[in-house]
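Data first, discussion second: the structure below is written as structure tokens.
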Amino acid sequence: MKFEVYPLEPGVVQIADGAGNCATLVTGKDRALLFDTMIGLGDLAGFVRAQTALPLTVVNSHGHLDHVGGNLGFQDVYIHPADRALFAANLRVVEERGKNSGLDLSNCAESLAHPERLRDLLPGRVFDLGGLRVKVVPLAGHTAGSVGLLLLERGLLLAGDACTPQMCLFMEGASLRAYRETLLALRALPFDRFVFGHHTGTFARGWLDRFEDCVSLIGRKKPVDYFYSLIPSYRGKAYILKPWNREAQGPVCVIVGKEAEDVC
Ligand SMILES: [Zn+2]
Ligand SMILES: [Zn+2]
């Protein structure tokens, strides 16, 4: 497989693995930071090393396997402590997901087998890359330990899966209540563009309105039954704001699990 690189702006590129997963590499004058390691296809560490020789910090946006699978090539990887259990729980589904997707997830399994390389990351921390400061912000909901990175000098928010056009709240540990609070908190953050974990390019801050509109459909509109084809035991109800959006290359919706619905 071949990684694709999408330059977003000076010092910020997305790296895509061709299987729908993206990481973001941020480079300052003194240091570089990699946000997410995707699902473990190919030699991500080697690829990143070819992009920059600067000292590198690696951060997982949250504990799902499509964001931590390439950790194996890196010595230390920061993750919110609230997602450590989720990181370990991936071991139960990695084989099924590999079989159903036809992808070789052996790197991912290897990454999951080595939690000792994980380092605790707490919101509020600022990584100074040299002329570019990156602040860790809490974005719970998708998972309890989801974090975003706010590029303070750029007004750019790397959001992972914490808010996305197809918002997933049906997996283990997701919380609609926490997601609502995160949407409120996002209103107060100084950014004007998002970067998401499964889309290339930047998205305007105005998407925040759509995320709120999706949540407002819960309990008011008839949802559509949903199951995740790669792990069929993951089921939920999709509240669809728009069946198709060109920019998002898919629907605009929020998918909640039974537990999430109970708290609305
Ligand atoms: Zn996720
Ligand atoms: Zn994801």
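The values are calculated or read from the model by the stated rules, or taken from the named source; none is laboratory data. Quick caveat, the model's predicted, so the values are computed rather than measured. Backbone-built Cβ (ideal geometry, glycine too); neighbour counts: all protein chains shown. Please note that ligands, DNA and RNA were not included when accessible areas were found on the heavy atoms of the full protein model with its side chains. Shrake-Rupley method; radii C 1.70, N 1.55, O 1.52, S 1.80 Å.
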Rounded to whole Hz, the Karplus (6.51, -1.76, 1.60) HN-Hα couplings of segment 130-135, x for glycine and proline: x, x, 8, 9, 10, 9
Which order do S175, S61 take when ranked by solvent-accessible area (1.4 Å probe, heavy atoms of all protein chains), largest first? S175, S61
If the cut-off is 20 Å between C-alpha atoms, which lysines fall inside it for K135, apart from same-chain ones fewer than 8 positions away? K29
The answer for L156, listing residues at least 5 apart or on another chain whose modeled amide H is closer than 5 Å to its amide H, is L151, D192
Accessible area per residue, Å², the chain with all protein chains present, probe 1.4 Å: 43
Go through 147-158, 45-56 and give me the packing order, highest mean Cβ count within 10 Å leading. 147-158, 45-56
The answer for L129, listing residues at least 5 apart or on another chain whose modeled amide H is closer than 5 Å to its amide H, is V134
Amide H to amide H, which residues 5 or more places from G28 or on other chains are under 5 Å from it, using H placed in the peptide plane? L33
Sequence-distant lysines (8 or more away, or on other chains) whose Cα lies within less than 29 Å of K99: K2, K237, K258
Leaving ligands, DNA and RNA out of it, report the carbon-plus-sulfur percent of the accessible area of segment 4-262 at a 1.4 Å probe. 53
For segment 195-204, in residue order, the Karplus 3J(HN,Hα) values (coefficients 6.51, -1.76, 1.60; θ = phi - 60°; whole Hz; Gly and Pro = x) are 10, 9, x, 10, 9, 9, x, 9, 10, 5
